[in-house]
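Here is the structure we will look at, set down as structure tokens.
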Amino acid sequence: MPNTAVTFAVLGPTEVRGPGGSATALPPSVRALLARLALSCGRVVPVDGLTDALWGDEGDDLPADAANALQIRVSKLRRALAAAGLGADVLVTQAPGYRLAVPPDAVDAHVFERLLVRAREETAAGNVTAALGCLDEALRLWRGPALADVGQTTWATTESTRLEELRLGAVEDRFELLLESGGHNEAVADIERLVARHPLRERLHRLLMLALYRGGRQAEALAAYQALRRGLADELGIDPSPELQALAEAILRQQVPSAAQPAPAPKSTDRLPQRLPQRLTSVIGRQDDVTAALERLAEARVVTLTGPGGMGKTTLAFEIARRVNGALADRVLLVRLAALEPGTDVADAFAAELGVPPQGTAGADTGADTAADAVEEHLRDGRTLLVVDNCEHLVDDVAALVERLAAACPRLRVLATSREALAIPGEVQIAVGPLDVTQDDGPAVRLFAERARAVRPSFTLDEETAPVVASICRRLDGMPLAIELAAARVKALSPADIEARLADRFSLLTAGPRTGEARHRTLRATLDWSHDLLPEAERRLLRRLAVFRGGWTPAAAEEVCAFGGVGRGEVLDLLFRLVDRSLVVPEPATGRFRLLVTVRDYAWARLEEAGEVAECRDRHLAYYARLAEEDGMRVRDLAVFTRLYDEHDNFRAAVDHALESGDVESGFRLACALVMFWNYGVRYEGTRALTALLETGGGSAAARARALQGIGLLHVYYPTPRSVAATEESLAVFEEIGDVRNAAISRLVMAWAGQYGGDPGHHRALIERSRRELGDSDDGWWLGMTEYLEALLALRLGDFEDAVVRWRRALDLARAVGDRIIGSAILAHLGIALRESGRREEALAVLRESVDEVRGRNSLHGLTFALVHTAHTRLDVDEGDDVTALLAEADDVARRARNPRCQAWAAWGRARMARVRGDAGSAVRECRDALALLKEGEFPWARARLWSFLAGCAEEAGLPDEAAHARKTAAALTG
């Protein structure tokens, strides 16, 4: 295993091993979850995939609230990982699920597969000793059956079977090498034991026959063959393969070559008419795809690699073909179609590529009447893998021919590459996606580095270049062709210069190999190839889809893109066609679609050429303004909140267009309708939008007042003089125009912003008046909010027992209207009130419930608030092992949410831990940071306690003046 601080093991019982190599105890309930995440490390595993791994995909054992049950297990796993010494950033919540953010070399299964690849490479190079070393190292990783303790779900059974098959294949590879190096005598006993366990596995029998024969035991070798022949006949009603029959015949005639002798050359009829090209560069980051394709080829007759141009389908297909062993095919044939013009006779092209004599040629005795008949005749005998590369521009004719060949040639397998599937019976499609760009040392970065060293050997990844290269790869969507073209520019430009020029990527990425196909020499040529194959209606839709940011729903596409030659009823069908052609990426878990950034930039250029930018952006703004108005006030429904969160980038783009085009009224409609969504999610984004709209000076008085009210609402947890003034101004306008409802809301915002100071009686009067004016509107939601604010006021005044009662009442009201987001915030505040009233264990349970409730719901403020107070309560109860991880995660989320209040509490938590360690100096520095972040934005009793804590730390650090000032400030706050 690599020398990593913490490693994950699934080749046996599931384990997490700390830096010393000792395993951390894992609760049985989280083992399957960790195993599923570890085997997909670095990639997001959707929630559905995790629930299937835990409870199966039949639904019989699925809990009533599977999402909540999954969150509970995720929380348990986080605690287990923290106990192993891992930070909170290892298990990442990322839509549409979770990601284990560790490199593949931290997981034994991935190390095992990487060692197998190395062993095959060393074998191909003739380095038998090195190959044996790799295989021995790989097999030592196994501690028992794979996934031994994760249950019997379909996923677990399938994955364990796959891994066990790889393990057995590795053992067979090892025996092959032993026999090649003359170790037949030492291998016989081990092979015999495996044959007894796998009595119908032909490769093991072949190895046993060879080992026995080369050890001078000819009769036993033949007996082993007869035992297999009888077993296959009795169990399956078939004969051994021709290869094994030929070996038995050679043993009988004593014509088997020794280990030192080369195998006889293949007959001329077995020679490949066109050999696969030799691999001149390494294949990076595609091991999972190779493995998946080989598995599918073992099951299906036709496998098609699909994906947009530049994803490396051809390279991948050749690598798969190189890995095909004798169990699947005796020969590999290649047909290249890229150079053919549309309309070319496909059967003639196949015949020419395969070396089949054309009809009417002297000496040609195929008995066939057409080129298709000749190809069929050529492929009918023997086990053949036929690689058909670049089918998209001839896809209909290729599909017809491949379907015919598969039906007529029962031992033929076809591996095709195409930007759209052949869509024939029995075809299995494998989508070839981008390389992983989530890690700074992932495959995309490694590909860039290797190709960069090809043009500048001195190029290295270091602290300066690695983050820039990772950013380049992310901006290029992990598209291998684009990354290789960018890396070629390292000869003349630094990585930073390359990144800066990616805004005009089609001018930059033009340095493809001179010998490469023309469509792969520049990024634009690659996309031109795909675009030019599209019918006009599909071209129109593709370019108009570029107006979306962050994806879209079918309804949005129908509303925005249906004009000028594209009818509303046509959009869905055209969209699916673009998916089939690998130009649009579907996201089945969410029902959304998106364009890769590079494809979107290309489509945007086409949109500009067509003169449709203004109309598309106007329609986009109108659609999202309506969507915001329809769903904005229903944001407390988690499904609605999630739907709006998915549209976050589109909302930003729509606001930007409103500002640029001067349609400020539409901008106000959209932004004001989203205030509650932004309040639950990304508050600074709402502030940015509302402020920019107000600065235009446009909009009606009512619209501007609602925007001012929104700015006040988005700052209630860290109010500023500007946000308070905005709320007061909005109240004055609403009272002037007679808008009673919005005036009442502005009063509540004023009381909310006064939670840290001001006249409690005045704030209570504001709340009471708004309660009367709003009544039970919105199904009683505003009634619940008035109770929420009364509870905040009690918490501010330090009346913790009263606060507990009021928070429980607010929680009941929130749950009655189904607002689980505000409910999680209430739980966190209830936990604080319980803690401050001395009920710490009860507080801890409530705070943990709050974390589980809000995690995975994209409510960053709610999550960081719940996490940081869970950490402080743990410090009050004990010095919990997971506090460091809790504080780290809380601080990270707070920084992303730009929440200074929770950043301050995280710093205070680190100060408390530093003081316990005896590091008073660090504690003082953390306290100073916390106070600078808080300013006046916290309850007076909490700020007084922080100042008192700083006084004690400063005293211990030998800073008497600072200690005296801190004590004086604390006294003033409590007085």
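The values are calculated or read from the model by the stated rules, or taken from the named source; none is laboratory data. These figures come from a predicted structure and were not determined experimentally. Every residue, glycine as well, gets a Cβ built from its backbone with ideal geometry; the counts of neighbours run over all protein chains shown.
From the list Arg688, Arg669, the lone residue that is over 28 Å from the mean Cα position of the chain (by Cα) and either on the phi > 0 side of the Ramachandran plot or surrounded by fewer than 17 Cβ atoms within 10 Å (Cβ to Cβ) (or both) is Arg688.
Within region 540-560, being of a type in the set (D, E, K, R) and surrounded by 21 or more Cβ atoms within 10 Å (Cβ to Cβ) holds for Arg540, Arg543, Arg544.
Looking across region 585-625 at every residue that is under 22 Å from Gly667 (Cβ atoms) and among the small types (Gly, Ala, Ser), the one that is surrounded by the most Cβ atoms within 10 Å (Cβ to Cβ) is identified as Ala625.
The criterion of at least 2 residues that are more than 24 Å from His829 (Cα to Cα) and within 39 Å of the chain's Cα centre (by Cα) is met by the following helices (runs of 4 or more DSSP H) wholly inside region 905-974: 920-934. Only one of the numbered conditions (1) without any contact (Cβ under 8 Å) to a residue 40 or more places away in the chain; (2) touching a Gly at 6+ places or on another chain (Cβ under 7 Å); (3) farther than 26 Å from Glu853 by Cβ is not met by Trp678, and that is (3). In summary, Arg915 fulfils each of the numbered conditions (1) surrounded by fewer than 24 Cβ atoms within 10 Å (Cβ to Cβ); (2) closer than 25 Å to Leu795 by Cβ; (3) not β-branched (Val, Ile, Thr) with the single exception of condition (2).
Scanning region 63-89 for residues that are free of Cβ contacts under 8 Å to residues at least 24 places away in the same chain and not in a helix (DSSP H, G or I), we see that the one that is nearest to Ala25 (Cα to Cα) is Pro63. Among the conditions (1) surrounded by 22 or more Cβ atoms within 10 Å (Cβ to Cβ); (2) farther than 22 Å from Asn742 by Cβ, Ala628 misses just one, which is (2). With respect to the conditions (1) in contact with an Asp or Glu (Cβ under 9 Å, 6 or more places away or on another chain); (2) in contact (Cβ under 8 Å) with a residue 60 or more places away in the chain; (3) of a type outside the set (S, T, N, Q); (4) in a loop (DSSP other than H, G, I, E, B), Ala444 lacks only one, and its number is (4). Quick check on Arg901: is it part of a helix (DSSP H, G or I), of a type outside the set (A, V, I, L, M, F, W, C) and within 29 Å of Trp781 (Cα to Cα)? Spelling it out, Arg901 is indeed part of a helix (DSSP H, G or I), of a type outside the set (A, V, I, L, M, F, W, C) and within 29 Å of Trp781 (Cα to Cα). Screening the candidates Ala557, Ala525 for the property of being of a type in the set (A, V, I, L, M, F, W, C), in a helix (DSSP H, G or I) and at pLDDT below 85 yields one hit, Ala525.
Scanning region 704-735 for residues that are farther than 27 Å from Arg943 by Cα, in contact (Cβ under 8 Å) with a residue 12 or more places away in the chain and surrounded by fewer than 19 Cβ atoms within 10 Å (Cβ to Cβ) yields a total of 1. Looking only at region 897-908, decide whether some residue is in contact with a Cys (Cβ under 9 Å, 6 or more places away or on another chain), modelled with pLDDT of 90 or more and not aromatic (Phe, Trp, Tyr). Within region 897-908, one or more residues are in contact with a Cys (Cβ under 9 Å, 6 or more places away or on another chain), modelled with pLDDT of 90 or more and not aromatic (Phe, Trp, Tyr).
What do you reckon, is Ser418 surrounded by fewer than 19 Cβ atoms within 10 Å (Cβ to Cβ) and among the polar types (S, T, N, Q)? Here the answer is no, as Ser418 does not meet what is asked. Arg214 fulfils the conditions (1) buried (at least 21 other Cβ atoms within 10 Å of the Cβ); (2) farther than 15 Å from Leu252 by Cα except for a single criterion, (2). If the condition is being touching a residue at least 40 places away in the same chain (Cβ under 8 Å) and closer than 23 Å to Leu973 by Cβ, then region 738-785 contributes Ala751, Trp752, Ala753, Gln755, Tyr756, Gly757.
Please tell me if Leu792 is modelled with pLDDT of 90 or more, assigned to a helix (DSSP H, G or I) and either assigned by TED's automatic domain parsing to the domain that holds Glu849 or within 18 Å of Arg901 (Cβ to Cβ) (or both). So Leu792 fits the description; yes.
Counting the residues of region 641-666 that are closer than 24 Å to Phe593 by Cβ and touching a residue at least 40 places away in the same chain (Cβ under 8 Å) gives 11.
Applying the criterion of being closer than 16 Å to Gly312 by Cα and in a loop (DSSP other than H, G, I, E, B) to the residues of region 463-498, the residue that is modelled with the lowest pLDDT is Asp477. One residue alone among Ala317, Ala338, Ala298, Ala327 is at pLDDT 85 or above, of a type outside the set (S, T, N, Q) and under 26 Å from Val283 (Cβ atoms), and that residue is Ala317. Please find, among Arg99, Arg118, the residue that is in contact with a helix residue (DSSP H, G or I) (Cβ under 8 Å, 6 or more places away or on another chain), surrounded by fewer than 21 Cβ atoms within 10 Å (Cβ to Cβ) and outside any helix (DSSP H, G or I). Of Arg99, Arg118, the one residue that is in contact with a helix residue (DSSP H, G or I) (Cβ under 8 Å, 6 or more places away or on another chain), surrounded by fewer than 21 Cβ atoms within 10 Å (Cβ to Cβ) and outside any helix (DSSP H, G or I) is Arg99. The residues in region 121-147 that are touching a residue at least 60 places away in the same chain (Cβ under 8 Å) and crowded, with 21+ Cβ neighbours inside 10 Å can be counted, and the count is 2. Scan region 406-443 for residues that are among the small types (Gly, Ala, Ser) and at pLDDT 85 or above and jot them down. Of everything in region 406-443, those that are among the small types (Gly, Ala, Ser) and at pLDDT 85 or above turn out to be Ala406, Ala407, Ala408, Ala416, Ser418, Ala421, Ala423, Gly426, Ala431.
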